[in-house]
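Peer 1: Questions regarding the structure given below will be posed in turn.
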Amino acid sequence: MKKSSFVAVMLGTVSGMLFALGMCMALIPEWDAFQPGVIFGCIGILLGLITLLIRRRMEHKEPIHISGKTVLTMIVGIIGALSLGVGMCFCMVWGKMIEGIVIGLIGIIILLCLIPLTKGLKA
């Protein structure tokens, strides 16, 4: 394993755990920790962005250039993840199984569309 990959895995794991813990703190009412949860979540997001910058620098890659394709990819990813999450909420929280499965499958299909969007189609 390359040094840059190891550093990225470690920092990515820590940032993911901080983000997940922050979201749990903010969204579980029994914990009564909304404000600290938002802070933990923001620290997790910030550490994730720092991880991206560190890894690119360690591998001597150019910084990410924001283009129309990059913005479209981000929007498609966000919409896909949100629809998958809404489908799971329909199933597990609101008890509407059929609607949840349909919305979740739509989210999965949208997320699968990211593969040709980012890698392209080759013959």
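Peer 1: Return the calculated 222 nm mean residue ellipticity for the chain, to the nearest 500 deg cm²/dmol, obtained by summing -39500 (n - 2.57) across DSSP H runs with n ≥ 4 and dividing by the residue count.
Peer 2: Calculated mean residue ellipticity at 222 nm is -27000 deg cm²/dmol.
Peer 1: Tell me the relative contact order for the range 2-75 as a rounded percent, counting alpha carbon contacts under 8 Å between residues six or more apart.
Peer 2: Taking the mean separation of contacting Cα pairs over the length of the range 2-75, I get 32 percent.
Peer 1: Pull out the extension gain between PHE6 and ILE79, defined as 0.36 nm times the separation in residues minus the alpha carbon to alpha carbon distance; nm, one decimal.
Peer 2: 23.3 nm
Peer 1: Kindly state, to the nearest 0.05, the FRET efficiency for ILE50 paired with ILE109, given R0 = 35 Å and r defined as their beta-carbon distance.
Peer 2: 0.60
Peer 1: Let me ask you something else. Using the Cα atoms as the points, what is the convex hull volume per residue of the chain in Å³?
Peer 2: Cα-based convex hull of the chain, divided per residue, equals 155 Å³.
Coordinate-derived values only; no laboratory data. Quantities reported herein were computed from a predicted structural model and do not represent experimental measurements. So basically every Cβ, Gly included, is an ideal-geometry build from the backbone, and we count neighbours across all protein chains shown.
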